[in-house]
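Structure, as structure tokens:
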Amino acid sequence: MDDIRATGPSQATPARIRRSRDSICQDWLAAVRARVPAAKDKPASLIINSLPECLLHYAAWMAGEDCAQQKLRELGKEHGEQRAKLGGFSLEQLLLEYSLLREVMLGVLQREEPLTGPDLRRLLAALDESASTSSVEFVRLEHLRLQAELPPVTGSLRAVVDGLQDGILIVDRQWRIVYVNTPALRVLYGDSERVLRMLQGRSLWDDPPTLGSSRLFKGQIDAMERNQTVEFEEHFPALGLRLRVSITPSPQGFVTVFRDVTATRKAEEALEESQTSFRMMVNSVKDYALFMLDAEGHVSSWNEGAERIKGYKAEEIIGQHFRRLYMPEDAKAGRPEHNLQKARLCGSATDEWWRCRKDGSPFWASLTITAMYDEEGNLQGFAKILKDLTERKRVEEQQKFLATMGAVLSASLDADDNLRKLAHLIVPTFASWCVIHTLEPGRSLRVCVLHHESEEKQRLLEALEGQYPDFLELAGGPRKVMRTSQSVLVSQVDTSMLASFARDERHLERLRELGFEKYVSVPLVARGHMVGALTLVSSSGLRQYDADFGAFAEDVGRRVAMSIDNTRLYRETERAVRLRDHIVAVV
């Protein structure tokens, strides 16, 4: 998306950030000195760098000012550049600095009062924006630094070609030397004291080469016998050179060319060391997926963080188009290509949306794509940084829901109406449909609420409940939950489970139509008494029903039970007051 800031900015949090700026800087400085090795011996001014100015722009971001996002990107880029130039910092340490800044800011700002859900999301988005921009710049500069430390390959080869001609030796079929130049004399004899007129016409073996190896002689024999060019590389320790030897036969003899490839091989070895160092630095980061795309969007590198988050090994994904990493519906809609096009036009693109793991499971992620250009301005590819924010999004949604839920359950003394409104909050965020049973004071069980996200399936749900009153009683349905006071969570309802539970084929067909992929059923207990059960059912793979979600559902259940119990206590108190007033009036 174009701008990841949330809507509806408040002014209280920006003011708290400005008031707490000095405190945040000092706390962060202490935390960085304690936990970031590269910062321990650096002056405080260099560590803090542009943080005071950055905090002002975080406040501006929180206040919804239009220029804040661009300014934070610029400051993030400057921070990444400054850390790269300071030396001693790794990408992992840079990301740790931002993690510490997040901890310090949340700690300082929430001393007075907790941040609201929208303010918390807006602040975390701003910090992620800065971390992503800074990381991309740091990685880019580190890569350039490692490349600059290599010997200037092109210049070295040019100097070799200009300053030292190839060694040339021409011999006839009788091994008589026809021509040999000074560079070849150095290769064969280690000096140039011998001159062509001393050797010309003589057999090569009348004055055997002192440095020429047996491989050279064998190569000459092979070239003449097979009548084809023979090439090999040979190391000449006495000269400290690695030479590419080419022996080409002809009807009159053969020509041997000695080409110095020492500089080329050293440069290749240094380049390999540089690339290895760069890969090690990128792979050391486990919490972020860091990888490269070519200009067409095909994956060209893959770090261990990417493997951990996405599930693909490098050999499985390198060479594949990165649309494979998106949800199928988003890939079909062109979201990957849209992000690349935006990065081409604007230099970078950010996106926070659902992504897909190798096993097909979805996760919520923040993404930054940065276009990479060479010195001539030609697009070379894209750098991509991705972070899994599923847990953060889950916590935010749950906190927002619990806050809204409290207001709904306390809105009136009509428990049934409150529960109906609650069902509309739960569906579709946390479930495709839900059922709330209440245990009435006479111990009779009643379906209080049935709610489906689809109007058509809502009618089907109501009809199913009328025809099969216990239609939810799987191996762990509401009745068992209320009997045992233990929650039941099934993360995958398979066909055999539905078939064994269904009363008949029509019942099974209706259950399948409703959508029954996973479910959780929790007891509603207040003051040690059972008051009902809450059942949530999902037919979508986007929702994850795991142990954490089960704990959240139980928390919701406790609050619902307390609301039901409070309403009943009020009604009972109200009846007792009326009865007392009636008795007093009669007396």
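The values are calculated or read from the model by the stated rules, or taken from the named source; none is laboratory data. Note that the structure is a prediction, hence the values are computed from the model and not measured. Quick reminder, even Gly has a Cβ in these numbers, built from the backbone with ideal geometry, and neighbours come from all protein chains shown. Heavy atoms of the whole protein, side chains included, go into the accessibility calculation; ligands, DNA and RNA do not. Shrake-Rupley method; radii C 1.70, N 1.55, O 1.52, S 1.80 Å.
Quick look at the numbers
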item	result
Degrees, to the nearest 10: 415-426 long Cα axis against longest axis of the chain	10 degrees
Pair GLN174, SER203: separation of 7 Å Cα→Cβ label points (nm)	1.0 nm
Solvent accessible area, Å² - SER410, 1.4 Å probe, full protein context	90 Å²
Low-density loop cleavage sites - GluC sites (Glu not before Pro) in the range 365-437, where at most 12 other Cβ are within 10 Å (DSSP)	GLU375, GLU376
Relative contact order [Cα under 8 Å, 6+ residues apart], the range 349-456, whole percent	14 percent
Cβ-derived FRET efficiency at R0 22 Å, ALA407 paired with GLN70, nearest 0.05	0.05
Computed over the chain: relative contact order in percent, which uses C-alpha pairs under 8 Å that are six or more apart	8 percent
Dipole of the range 329-415, positive end: most advanced residue of ALA349, PHE382, PHE363 [Cβ charges, Cα centre]	PHE363
Volume per residue of the C-alpha convex hull in the range 276-431, rounded to whole Å³	135 Å³
Degrees, to the nearest 10: 117-148 long Cα axis against longest axis of the chain	10 degrees
FRET efficiency, 1/(1 + (r/R0)^6) with R0 45 Å, evaluated for GLU81 and ARG215 via beta carbons	0.30
Using alpha-carbon coordinates, inclination of helix 68-86 to the longest axis of the chain, degrees	40 degrees
Cα centroid separation - the range 10-59 against the range 169-189, whole Å	72 Å
Percent accessible area from carbon and sulfur atoms, the chain, protein chains only, probe 1.4 Å	52 percent
For P(r) over Cα pairs in 10 Å bins from 0, in percent, calculated from these coordinates, the label among (1) 3, 14, 22, 21, 16, 10, 6, 4, 2, 2, 1, 0; (2) 3, 13, 16, 15, 14, 12, 8, 6, 5, 4, 2, 1, 0, 0, 0; (3) 3, 16, 27, 27, 16, 7, 2, 0, 0	(2)
Flagged links, alpha-carbon separation over 32 Å, of LYS85/LYS342; LYS384/LYS421; LYS342/LYS393; LYS40/LYS393; LYS313/LYS400	LYS384/LYS421; LYS40/LYS393; LYS313/LYS400
Cα-derived Rg to Rh of the range 369-457, Kirkwood definition	1.36
Candidate aspartates and glutamates for bridging to LYS387, where Cα separation is under 15 Å - those fewer than 8 sequence places away on the same chain excluded	GLU92, ASP128, GLU129, ASP287, GLU304, GLU307, ASP351, GLU352
Of the chymotrypsin sites (Phe, Trp or Tyr not before Pro) in the range 460-555, those whose Cβ has at most 14 other Cβ within 10 Å and which sit in DSSP loop	none
Accessible area per residue, Å², the chain with all protein chains present, probe 1.4 Å	49 Å²
